[in-house]
Amino acid sequence: MFNKQLIQQFLQIKTPCYYYDTGLLLKTLFAIKSAASLYNFQLHYAIKANANSKILKSISEEGFGADCVSGNEIILALNTGFHPNRIVFAGVGKTDDEILLAIEKNIFCINAESLQELEVINHLASGLNKKVRIALRINPDIDAHTHQHITTGLHDNKFGLSWCDVEYFMQHKEDYQNLIVDGVHFHIGSQITRMQVFSDLCYVVNQVLDDLAKNKMYIQHINMGGGLGINYAEPESQIPDFQTYFDIFHQKMKIKTGQIVHFEPGRAIVGQSGALITRVLYVKENGDRKTIIVDAGFTELLRPALYQAKHKIVNLTNENNYMLYDIAGPVCETSDYFGKSILLPETTRGDLLAIYSTGAYGEVMASQYNLRQPAEKYFSEDFHEKHAEILNNS
Ligand code: LLP
């Protein structure tokens, strides 16, 4: 991802900053599109993973739909070129204004997560004299075997309708005259790396579809959510194995003629194409530990502090004499660490470190705690252009 020329350019800019490799993003988009198109699977990029407008434009230009979880995400999706009839809207806490916006903008589908929400959507749609397409987000009670904070498909998680709720809905569906319920939606968690979990999901979804059919509910759209994990330990492997992932669904799901399967990948699309570049401010010794203090903190990348996530970290400007370091940010919180006991070359003030795999849930989760300045964002082409400029002027 980083050659000498790029590192020289990083040395001249203010840090911390996000760096996005547009070439890698496009390669990843191409790979997932080709793999999904084999089975005619529909893709809705989960905007929450990275809502940088330039990235969104690249994704919409490649013909993807969008998965949104707020009214503002819907507005941004529309403004960055996503077609309304490829936008889906999920979330356990949609406000009335957000629902009205979704209806007025004629988005493809609202993924409803509770009986009360179904009543509210029906009521608001009737006020606008419209019929709204709905997918029932069903909680399948499956363990995604990922971090507990990003597990969403267990029965005690707040997400989705329980099977009891679905049964209630089926018995009373005549009461919801302004809803067209022809879809189901599942999303059981994020950063899922055990492929068996997806097979388990297919098994439950097949049962659900059978039960719905027995109750005369015709389901055309089956949205299997997102969740495919990426390799944080070896980001060099870069493009996730989309082929194996989609093959599982193709083989295990019992799809009937006319049914369409949808996915909402986020992390797997953008995760590897971003890196956080940070400068070493100080190297200090506390007892027997050597601690590198960098100029990025959990204000720029929350994942290590919130989920104990491990991102690969390298020193871009030194390569000799390896030793163990803890790497911490400047934020006044004890959890503000990017890693402990990390093997790095001897590191000194002014060195640049790259924190890999920060394209997903990095920039979007940033905060200004301690009144910190938002980090700058750069794209690979910005540096190519700069380099060309320098060459032209010399
Ligand atoms: N669909 C729904 C309904 C979701 O809630 C999510 C993610 C996705 C799709 C996309 O999932 P992905 O393909 O990116 O795994 N901040 C956490 C991740 C939170 C994921 C929230 N929902 C992290 O940094 O790991």
Inset, instruction - May I ask you to list the residues in segment 230-277 that are at positive phi and polar (S, T, N, Q)? - result: GLN238
Legend entry - Residues that are away from the ligand (no atom under 11 Å from the Cβ), among the small types (Gly, Ala, Ser) and surrounded by 18 or more Cβ atoms within 10 Å (Cβ to Cβ), drawn from segment 71-97: GLY71, ALA77
Legend entry - Elements of type strands (runs of 3 or more DSSP E) in segment 327-384, at least 1 residues being modelled with pLDDT of 95 or more, of a type outside the set (A, V, I, L, M) and within 16 Å of the ligand (Cβ to nearest atom): 337-344
Inset, instruction - Kindly indicate whether any position in segment 279-292 is at pLDDT 95 or above and outside any strand (DSSP E or B). - result: no
Inset, instruction - Output the residues belonging to segment 51-70 that are within 14 Å of the ligand (Cβ to nearest atom) and either farther than 26 Å from PHE2 by Cα or touching a Phe, Trp or Tyr at 6+ places or on another chain (Cβ under 8 Å) (or both). - result: ILE55, ILE59, PHE64, GLY65, ALA66, ASP67, CYS68, VAL69, SER70
Legend entry - Qualifying positions in segment 98-133 - within 15 Å of the ligand (Cβ to nearest atom) and either in contact with a strand residue (DSSP E or B) (Cβ under 7 Å, 6 or more places away or on another chain) or of a type outside the set (D, E, K, R) (or both): ALA102, ILE107, PHE108, CYS109, ILE110, ASN111, ALA112, GLU113, SER114
Legend entry - Pair list, Cβ under 7 Å, 6 or more apart: segment 282-294 residue closer than 18 Å to CYS17 by Cα, other residue part of a strand (DSSP E or B) and polar (S, T, N, Q): VAL294/THR278
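From the list GLU385, GLU376, GLU381, GLU285, exactly one residue is surrounded by fewer than 20 Cβ atoms within 10 Å (Cβ to Cβ) and touching a Cys at 6+ places or on another chain (Cβ under 7 Å). Which is it?
Criteria check complete, one pass: GLU376.
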Legend entry - Filter pass, ILE13 being at negative phi, modelled with pLDDT of 95 or more and either assigned to a helix (DSSP H, G or I) or polar (S, T, N, Q) (or both): no
Inset, instruction - Among the residues of segment 147-166, write down those that are in contact (Cβ under 8 Å) with a residue 12 or more places away in the chain and either away from the ligand (no atom under 15 Å from the Cβ) or part of a helix (DSSP H, G or I) (or both). - result: HIS149, ILE150, HIS155, SER162, TRP163, ASP165, VAL166
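Check segment 284-294 and report whether any residue there is in contact with a helix residue (DSSP H, G or I) (Cβ under 8 Å, 6 or more places away or on another chain), of a type outside the set (D, E, K, R) and away from the ligand (no atom under 16 Å from the Cβ).
Let us first name the residues in segment 284-294 that are in contact with a helix residue (DSSP H, G or I) (Cβ under 8 Å, 6 or more places away or on another chain), namely none.
Checked against the condition, which is being in contact with a helix residue (DSSP H, G or I) (Cβ under 8 Å, 6 or more places away or on another chain), of a type outside the set (D, E, K, R) and away from the ligand (no atom under 16 Å from the Cβ), segment 284-294 yields no hits at all.
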Inset, instruction - Please verify whether segment 4-21 includes one or more residues that are among the aromatic types (Phe, Trp, Tyr), under 30 Å from LYS131 (Cα atoms) and crowded, with 18+ Cβ neighbours inside 10 Å. - result: no
Legend entry - Which listed residue is within 16 Å of the ligand (Cβ to nearest atom), touching a Ser or Thr at 6+ places or on another chain (Cβ under 7 Å) and over 24 Å from GLY258 (Cα atoms), from ALA144, ALA233: ALA144
Legend entry - Search result, residues across segment 215-230 that are aliphatic (A, V, I, L, M), assigned to a loop (DSSP other than H, G, I, E, B) and more than 10 Å from the ligand (Cβ to nearest atom): MET217, ILE219
Legend entry - Scope segment 184-199; condition more than 18 Å from ALA49 (Cβ to Cβ) and outside any loop (DSSP other than H, G, I, E, B); matching residues: VAL184, MET195, GLN196, VAL197, PHE198, SER199
Inset, instruction - Look at ILE260 and say whether it is more than 16 Å from the ligand (Cβ to nearest atom), among the β-branched types (Val, Ile, Thr), under 22 Å from GLY65 (Cβ atoms) and buried (at least 16 other Cβ atoms within 10 Å of the Cβ). - result: no
Inset, instruction - Determine if segment 304-323 includes at least one residue that is within 24 Å of LYS284 (Cα to Cα), among the aliphatic types (A, V, I, L, M), in a helix (DSSP H, G or I) and out of contact with any Cys (no Cβ under 7 Å at 6 or more places or on another chain). - result: yes
Inset, instruction - State which residue pairs qualify: first residue more than 24 Å from ILE293 (Cβ to Cβ) and inside segment 1-20, second residue of a type in the set (Gly, Ala, Ser) in any location, beta carbons under 6 Å apart, and separation of 6 or more residues or different chains. - result: TYR20/SER273; TYR20/GLY274
Inset, instruction - Answer yes if at least one residue in segment 173-195 is within 14 Å of the ligand (Cβ to nearest atom), at positive phi and surrounded by 19 or more Cβ atoms within 10 Å (Cβ to Cβ), and no otherwise. - result: yes
Inset, instruction - Might you check whether a residue that is surrounded by fewer than 21 Cβ atoms within 10 Å (Cβ to Cβ) and within 16 Å of the ligand (Cβ to nearest atom) occurs anywhere in segment 200-207? - result: no
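The values are calculated or read from the model by the stated rules, or taken from the named source; none is laboratory data. It should be emphasised that the depicted structure is a prediction, and the values quoted were computed from it without experimental measurement. In this analysis, Cβ positions are derived from the backbone assuming ideal geometry, glycine residues included, and neighbour counts consider all displayed protein chains.
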